[in-house]
Each structure stands twice: as C-alpha cells, then as structure tokens.
Amino acid sequence: MSDVEIAVEKYHGAGNDFLVVSEAAASGDRAATEGSREDTADAPVGDRFAFTADRCDRETGLSHPDSDRTGADGVLFLAVDGEATPPRVEMTHVQPDGSVAEMCGNGVRCAALWGARELGLGVDEPADVVVVTPAGDRPSTVDDAGDHATVTVGMGRPSFAPWDVPLAPDHTTPLVEETVEGLTVTAVNTGVPHAVAFVDDVSAVDLEAVAPPVRHADAFPEGTNVVLAAPDDAGGFDQRTYERGVEGETNACGTGAVAVGAVARRRGLVGDEWVTVRPPGGPLEVRVTDDASFLRGPAEREFQTTLALQR
Ligand SMILES: N[C@@H](CCC[C@H](N)C(=O)O)C(=O)O
C-alpha cells in the first residue's frame with residue numbers, strides 16, 4: 001500500500017453539491033501537463049463507491065473553510081476531451097448509496113463548467129461543451145466560466161412512456177395523476193425517473209415521511225425520485241425533491257425541475273415558454289416542448305483541495 005495524492009474540487013448547482021475528481025489524472029494526462037506525474041497513479045480513486053460514501057457523508061465527509069456544507073450529494077468523476085469539437089466531458093455520477101445515476105441536471109451544469117475551466121473556455125464568449133452521460137449526450141453552453149457561471153443544457157425529450165420511466169410491467173399506459181402510496185403522482189423520465197405530485201404548498205408537506213414509500217413503490221422497479229410542485233404567484237413553480245441515491249431531500253434537482261415543467265405542460269399549466277422552477281437552493285429556468293427540454297441555471301466552483309489516499 002502507498003499514499004497517493006489526488007486533487008478534489010467541489011462544485012454546486014443551486015445548492016445540489018458535488019465533489020469533482022478529474023479522471024484525466026487517471027491516465028496521467030493532467031499530471032503530465034502539470035509536471036507532477038509522481039504525485040498521481042494510474043487511477044485517482046481505486047474504489048469509487050467507498051470514496052463517495054466516505055467523502056459525501058454530511059457529518060464526517062469532506063469539509064473546507066470555503067464551503068458551508070460538509071460532504072456532498074455525490075461525486076462526479078470527469079474526463080475531458082479537448083480535441084473534440086465541441087469539447088466533450090464524460091461524466092460518471094456516483095451517489096452516496098453506491099448507485100451510478102444515469103443523469104443529473106445540476107451535475108451536468110457543474111461538469112460543463114469544469115470542462116470549460118479545464119480548457120480555458122467560456123470566459124470572453126460562451127463555450128459549448130457536450131456532457132456525455134449514460135442517458136445520452138447533453139449539449140451545454142457555459143456563460144461566464146469563472147467560479148460562478150450560468151449553464152444552459154439540452155435535456156432531451158421527457159418521456160411518460162411506461163417502459164421509459166420505467167414502470168412495472170403491469171403498467172401499459174402512462175401513470176398520470178394516480179395515487180401511489182398515498183401521494184397523487186405523475187411519472188416521467190427526464191434522464192432519470194421522477195414521480196411528480198402537484199400540491200397546494202410544498203412547504204406544508206412532510207417530504208421525508210411521504211416520499212420513501214413512493215420512492216420504493218412496486219410501480220417503480222428501479223425506484224424513483226419524488227418531486228413536489230406547486231404553482232407560485234409569478235407563473236412558475238415551487239419545487240422540493242427527495243432523491244433516490246441520496247435517500248433524502250436535496251437543495252435542488254435539475255432533472256426534477258424539468259420533470260415539473262413536463263408535467264405542468266401536460267396539465268396545460270404552461271406552454272413551450274421558459275418557466276421558473278424554485279427549489280430551496282435557488283431558481284432554475286426550464287423549457288419543455290413536444291420533442292425537447294432545456295435547463296438553465298447557475299454552476300459554481302467552491303474550492304479545490306488535495307486528499308491523500310491509500311492504495
Ligand atoms: N440531482 C440530480 C439527479 C441525480 C440522480 C437521482 N438522484 C437519481 O438517482 O435518479 C439532478 O440535478 O438532476
């Protein structure tokens with residue numbers, strides 16, 4: 001066993017926070033450009049799942065004076081291909097429960113900002129970056145790639161189809177406004193599954209109590225995120241999300257915000273325009289059309305630090 005040092009950064013998008021590990025260090029690329037090959041090994045993190053559970057813990061995980069929260073909602077393992085046009089960032093999002101998320105809207109914004117920063121792009125003019133996820137490519141535009149950026153992401157076409165959500169095989173039609181474990185929800189996949197419940201007031205619901213039975217319901221064989229939405233006075237929506245993988249409420253959920261937009265559009269509450277969705281961590285803009293959806297919001301880099309790992 002030997003000690004290796006790895007660089008870890010922390011980013012967040014509307015308070016949905018992530019540790020970022022550059023997979024470039026795995027191949028030695030980054031070390032080569034920084035002239036410190038001796039400090040890195042072939043893979044920056046040997047056991048990604050143990051690393052994520054350990055460093056994301058809200059009590060005992062990674063803390064830093066430049067961040068007001070210990071731990072994180074997950075780890076983004078990122079690799080950038082700066083030769084591609086536009087550049088591509090491959091994202092593997094490991095969650096605290098050891099699962100790998102197929103998509104993450106806030107994570108994609110952070111990954112796009114990270115990629116732009118790695119390549120020195122997005123400062124004088126907006127930079128296009130494609131984030132590669134298991135759910136497909138997510139074309140992104142990074143504006144103002146300092147520590148605080150605005151990133152717009154093409155989120156693909158939301159699907160209510162039972163096989164896409166996915167729903168259990170006995171569901172042959174979309175699950176729309178049905179009561180599941182006491183909550184009336186509509187199921188939609190925006191890269192990952194969401195059960196969206198429209199309520200009068202999101203803050204009046206005990207989310208930690210009502211969400212787990214829905215998250216684990218038989219209707220959702222791969223589980224689901226559980227989203228509360230309520231129209232606000234300005235034509236937008238308040239949002240709260242209980243996330244699968246984190247197994248708790250997060251400050252924001254980008255795929256969840258798009259799910260709110262998709263369900264609101266299906267209910268005839270909005271059309272194809274941009275609407276504001278407000279999770280506790282700050283506003284996000286979403287737009288849903290017949291064959292596409294978009295997410296726009298902040299991405300911020302909080303700090304970089306070095307960790308010594310035993311391998
Ligand atoms: N926070 C995310 C969603 C991450 C994935 C989710 N927890 C799942 O397992 O489905 C977002 O911003 O979209």
>> Of everything in segment 168-204, what is within 16 Å of the ligand (Cβ to nearest atom), more than 13 Å from VAL214 (Cβ to Cβ) and in contact with a Phe, Trp or Tyr (Cβ under 9 Å, 6 or more places away or on another chain)? Give them in sequence order.
In response: VAL188, ASN189
> From the residues in segment 241-281 that are surrounded by fewer than 22 Cβ atoms within 10 Å (Cβ to Cβ) and of a type in the set (S, T, N, Q), which one is nearest to the ligand (Cβ to nearest atom)?
Replying inline: ASN251
>> List pairs: first residue in segment 240-267 and on the phi > 0 side of the Ramachandran plot and aliphatic (A, V, I, L, M), second residue within 10 Å of the ligand (Cβ to nearest atom) and in a helix (DSSP H, G or I) anywhere in the structure, Cβ distance under 7 angstrom, at least six positions apart or on different chains.
In response: none
> Can you name every residue in segment 69-93 that is within 11 Å of PHE18 (Cβ to Cβ), buried (at least 24 other Cβ atoms within 10 Å of the Cβ) and in contact with a Gly (Cβ under 8 Å, 6 or more places away or on another chain)?
Replying inline: ALA72, GLY74, LEU76, LEU78, MET91, HIS93
> With respect to the numbered conditions (1) under 20 Å from the mean Cα position of the chain (by Cα); (2) modelled with pLDDT of 95 or more; (3) not in a strand (DSSP E or B), which one is the sole condition not fulfilled by VAL188?
Replying inline: (3)
> Name the residues in segment 208-240 that are within 13 Å of the ligand (Cβ to nearest atom) and within 18 Å of PHE160 (Cβ to Cβ), would you?
Replying inline: PHE220, GLU222, GLY223, THR224, ASN225, VAL226, VAL227
> If GLY136 satisfies every condition in (1) in contact with a Gly (Cβ under 7 Å, 6 or more places away or on another chain); (2) without any contact (Cβ under 8 Å) to a residue 12 or more places away in the chain but one, which is the exception?
Replying inline: (2)
> Of these, VAL100, VAL108, VAL94, VAL89, which one is touching a helix residue (DSSP H, G or I) at 6+ places or on another chain (Cβ under 8 Å) and farther than 24 Å from GLU285 by Cβ?
Replying inline: VAL94
> Within segment 81-125, which residues are away from the ligand (no atom under 16 Å from the Cβ) and touching a Ser or Thr at 6+ places or on another chain (Cβ under 8 Å)?
Replying inline: GLU118
> Is at least one residue of segment 72-79 within 10 Å of the ligand (Cβ to nearest atom) and closer than 14 Å to VAL131 by Cα?
Replying inline: no
> Quick one: which strands (runs of 3 or more DSSP E) sit completely within segment 233-311 and have at least 3 residues that are out of contact with any strand residue (DSSP E or B) (no Cβ under 7 Å at 6 or more places or on another chain) and at pLDDT 95 or above?
Replying inline: none
> What is the residue count in segment 132-151 for residues that are assigned to a strand (DSSP E or B) and closer than 23 Å to GLY282 by Cα?
Replying inline: 10
> Taking segment 160-174 as the region of interest, how many residues are in contact with a Pro (Cβ under 7 Å, 6 or more places away or on another chain), hydrophobic (A, V, I, L, M, F, W, C) and within 11 Å of ALA219 (Cα to Cα)?
Replying inline: 2
> Is it true that GLU177 is on the phi > 0 side of the Ramachandran plot and of a type in the set (D, E, K, R)?
Replying inline: yes
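The values are calculated or read from the model by the stated rules, or taken from the named source; none is laboratory data. Bear in mind the structure is a predicted one, so any value in this text is a computation, not a measurement. Methodologically, a virtual Cβ is constructed for each residue, glycine included, from the backbone with ideal geometry; neighbour enumeration extends over all protein chains shown.
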